[in-house]
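Just below is one structure, and these are the notes that go with it.
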Amino acid sequence: MSLLQVRALGKSFGGVKAVDGIDFDLQAGELLALIGPNGAGKSTTFNMLNGQIRADRGSVKLDATELVGMRPRQIWRHGVGRTFQIAETFSSLTVIENIQMALISHREKIFTFWKAAASYDRAEAMHLLEQVGMAAQADRPCASLAYSDVKRVELAIAIANHPRLLLMDEPTAGMAPKERNDLMALTKRLVVERNMAVLFTEHSMDVVFAYADRMIVLARGRLIAQGQPEEIRNHPLVQEVYFGTGKTFNLRKSTESMHDA
Ligand code: ADP
Ligand code: MG
């Protein structure tokens, strides 16, 4: 059985069917890309999976446990993680202190002022930082890091509680192509090492085709295609959605952002 089973999942805002009854599965150890033009319903799908938005209909099962109706915190406890941007208030903390905060949150310890974060779980936090290649910068304030390094720390925070499924909505937004590739290569390695499932959105088709194990394509709230990157590249409906009917545009050669298409 699949780790995640999404069935007939739907959400409307007023008259707009943001997500219109979608079905897909996700396996442990799989890096699944969710692509689609602006407004296709990608973020709404993510937010139904993490509990921030309550689905109008349908089902989301993680290992046979129904997640629809659960609060975000409950869903997180069941092993569905997501990447967060490091809040401004935490950017004055060092890299390792941010990881330690995440570990504390995992154990549901209340942060107490008589016991500084620095005394918690330093070894475990260092281990996480090693996994994302940030150990050497452990004691720098997050505010002093390069943008792509902040993204690595955010990834370490997201995996601190060992999610079985990690949700990444536009993880590489604002990054240069080389950095996008590095972050996705790192994500791919974590997927394999941890047998973790990842669902991600990404605008660069080069990155998607290079790293996704499988892809699902949304357009106007509907799932119009799913399959291996190779199948998606050549899928007529996908080409139509991105490049308009009749064009013989080759997705393979495209380096365009989905938003520009
Ligand atoms: P994507 O992430 O693929 O760009 P979204 O899931 O953000 O798409 O949006 C899907 C559709 O739902 C769009 O038409 C958008 O305008 C609409 N929508 C999303 N969130 C809301 C909301 N909170 N209120 C009203 N409409 C929304
Ligand atoms: Mg979005």
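So the values come out like this:
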{"read-out": "Above-threshold pairs, the threshold being 21 Å between Cα atoms, out of LYS11/LYS151; LYS61/LYS151; LYS11/LYS61; LYS17/LYS188; LYS61/LYS188", "value": "LYS11/LYS151; LYS61/LYS151; LYS17/LYS188; LYS61/LYS188"}
{"read-out": "DSSP loop trypsin sites (Lys or Arg not before Pro) with at most 16 other Cβ within 10 Å excluded, longest remaining stretch of the chain", "value": "116-219"}
{"read-out": "Spin-label pair SER148/GLU124, simplified geometry with 7 Å Cα→Cβ offset, distance in nm", "value": "3.1 nm"}
{"read-out": "Debye, to nearest 20: dipole size of the chain, +1 on Lys, Arg Cβ, -1 on Asp, Glu Cβ", "value": "520 debye"}
{"read-out": "Rounded to the nearest 10 Å², the accessible area of TYR211 at probe 1.4 Å", "value": "50 Å²"}
{"read-out": "Surface/4 estimate of mean projected area, convex hull on alpha-carbon atoms of the chain, nm²", "value": "14.4 nm²"}
{"read-out": "Highest-fluctuation residue, VAL192, VAL16, VAL207 considered, GNM on the chain with Cα pairs under 10 Å", "value": "VAL16"}
{"read-out": "Rough spin-label spacing in nm, given labels placed 7 Å along Cα→Cβ, for ALA64 and ALA8", "value": "2.1 nm"}
{"read-out": "Span-like helix ranges in the chain, DSSP H, alpha carbon extent 15 angstrom or more, Kyte mean at least -1.0", "value": "95-107, 147-159, 177-194"}
{"read-out": "Among MET205, MET175, MET215, residue whose mean-square fluctuation peaks in a GNM of the chain (springs only between Cα atoms under 10 Å)", "value": "MET175"}
{"read-out": "Among PHE84, PHE200, PHE13, residue whose mean-square fluctuation peaks in a GNM of the chain (springs only between Cα atoms under 10 Å)", "value": "PHE13"}
{"read-out": "Whole-number accessible area per residue in Å² for the chain, which is evaluated in the context of all protein chains at 1.4 Å", "value": "47 Å²"}
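The values are calculated or read from the model by the stated rules, or taken from the named source; none is laboratory data. Treat the numbers as computed from the prediction; the structure is a model and nothing was measured. Positions of Cβ are backbone-derived with ideal geometry, glycine not excepted, and every protein chain shown enters the neighbour counts. All accessible areas refer to the heavy atoms of the entire protein, side chains included, with ligands and DNA or RNA removed. Shrake-Rupley method; radii C 1.70, N 1.55, O 1.52, S 1.80 Å.
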